[in-house]
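The values are calculated or read from the model by the stated rules, or taken from the named source; none is laboratory data. Fair warning: this is a prediction, and the values are worked out from it, not measured in the lab. Positions of Cβ are backbone-derived with ideal geometry, glycine not excepted, and every protein chain shown enters the neighbour counts.
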There are 2 protein chains.
Amino acid sequence: MAAPAVRELPEPPGLPQPLPEPPVGELRLETVLGALSDPLRIRIVRKLLVEREQFDHPCGWFGLDRPKSSLTHHFKALREAGLIRQRQYGLERRSHVRVADLEARFPGLLNLITAWTPS
Amino acid sequence: MAAPAVRELPEPPGLPQPLPEPPVGELRLETVLGALSDPLRIRIVRKLLVEREQFDHPCGWFGLDRPKSSLTHHFKALREAGLIRQRQYGLERRSHVRVADLEARFPGLLNLITAWTPS
């Protein structure tokens with residue numbers, strides 16, 4: 001079965017600045033793979049890739065049954081590894097996947113993630 | 001720059017039985033990525049993929065400047081995640097990458113590894 005396609009959406013004007021993240025030239029494959037070694041984190045990235053409905057999504061959108069502090073930790077780990085970009089909207093952080101950066105540095109990685117299925 | 005090609009070698013007759021490993025149908029992407037989240041482990045798998053000279057190689061072949069006990073641990077982690085197959089030759093274990101199994105389950109993964117370069 002073919003992996004579902006990545007949904008790309010245009011960047012709207014007037015976005016808040018992204019939170020701190022590694023620049024594309026400093027992304028490391030081993031760090032990215034480490035961040036994806038948790039099934040919850042693969043699930044977050046995959047849902048953002050294939051079910052995206054807005055430019056970026058708050059953690060409530062994912063429907064994950066975990067404490068907020070745990071989700072905050074997982075999203076931060078994904079951002080610090082370079083997988084997602086987060087922006088602060090008032091009290092809320094919203095995320096999207098760094099599709100172009102990841103495709104440029106690690107061709108094929110996003111296909112592996114979209115083809116993933118839970119055990 | 002294109003990633004170097006994977007070197008495949010035919011299986012010689014009379015090999016020892018492989019050590020215990022997960023069957024191909026039970027390989028999990030998150031487990032495989034976790035095993036690759038250490039630069040030494042990516043380096044081991046990459047060298048086996050692109051510099052292979054024999055069907056399987058003992059850990060001395062890799063030229064890694066680490067204690068034997070540490071190397072034994074890393075090779076075991078790679079085997080238990082399903083990345084390498086290990087066989088016992090007398091006192092020595094030798095390894096090769098499960099190329100066909102990994103290509104079947106996670107298309108594109110081996111390209112990511114062969115394209116990897118140390119930081």
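Of all residues in segment A:90-113, none are more than 24 Å from B:Thr31 (Cα to Cα), surrounded by fewer than 17 Cβ atoms within 10 Å (Cβ to Cβ), of a type in the set (Ser, Thr, Tyr) and at pLDDT 95 or above. Scanning segment A:21-39 turns up one or more residues that are touching a Pro at 6+ places or on another chain (Cβ under 7 Å) and on the phi < 0 side of the Ramachandran plot.
At least 1 residues being of a type in the set (D, E, K, R), touching a residue at least 24 places away in the same chain (Cβ under 8 Å) and away from chain A (no Cβ under 13 Å) is the threshold, and among the helices (runs of 4 or more DSSP H) wholly inside segment B:67-119 those reaching it are B:68-81, B:99-105.
Residues of segment A:11-27 being within 11 Å of chain B (Cβ to nearest Cβ) and either surrounded by fewer than 19 Cβ atoms within 10 Å (Cβ to Cβ) or without any contact (Cβ under 8 Å) to a residue 24 or more places away in the chain (or both), which ones?
Here is the first cut: in segment A:11-27, the ones within 11 Å of chain B (Cβ to nearest Cβ) are A:26-27.
Of everything in segment A:11-27, just one residue is within 11 Å of chain B (Cβ to nearest Cβ) and either surrounded by fewer than 19 Cβ atoms within 10 Å (Cβ to Cβ) or without any contact (Cβ under 8 Å) to a residue 24 or more places away in the chain (or both), namely A:Glu26.
Could you check how many residues of segment A:1-58 are acidic (Asp, Glu) and in a helix (DSSP H, G or I)? First the steps, then the outcome.
Just the residues of segment A:1-58 that are acidic (Asp, Glu), to begin with: A:8, A:11, A:21, A:26, A:30, A:38, A:51, A:53, A:56.
Restricting the remaining residues to those that are in a helix (DSSP H, G or I) gives A:26, A:30.
Number satisfying all stated conditions: 2.
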